[in-house]
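Asks: Quick one: this structure, given as structure tokens, is what I'll be asking you about.
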Amino acid sequence: MMIRSALLLSGLIGVGVAASPASHASDAVCLDRKVIADRLASYHQEKPEAAGLASNGQVLEVFTSRNGSWTLVLTDADGSSCVIASGNAWTPLAWASEPNKS
């Protein structure tokens, strides 16, 4: 995971951000959402897979790739986003593809 975090951050440094791996929320890399999404797509082939709305109005997104890499991004209403975690071995759960039976 350290190598993946370093690669993710090196891609984000290309747009002027210098930070350490996001092991704690205070170490998170924060940029405009579009910049983060574009970098995740170009450097890691990650696309948004899931999203949820938090009670405080922030949006939590999971970006994933076919090779199993994943990144959690938290976005404020103003469009500023922070990478709060990343890793490997993402596996979609079987129930996520089942039709809603409610």
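Asks: Need pairs with beta-carbon distance below 8 Å; first residue at positive phi and within the range 55-82, second surrounded by fewer than 19 Cβ atoms within 10 Å (Cβ to Cβ) and aromatic (Phe, Trp, Tyr); sequence gap 6+ or separate chains.
Replies: Note: pairs meeting the criteria are 68/90.
Asks: Identify all residues within the range 28-70 that are in a helix (DSSP H, G or I) and among the polar types (S, T, N, Q); write none if there are none.
Replies: 42 - this is the single residue of the range 28-70 that is in a helix (DSSP H, G or I) and among the polar types (S, T, N, Q).
Each value in this text was obtained by applying a stated rule to the coordinates, not by laboratory testing. Treat the numbers as computed from the prediction; the structure is a model and nothing was measured. Note that we place each Cβ from the backbone using ideal geometry, even for glycine, and neighbour counts take in every protein chain shown.
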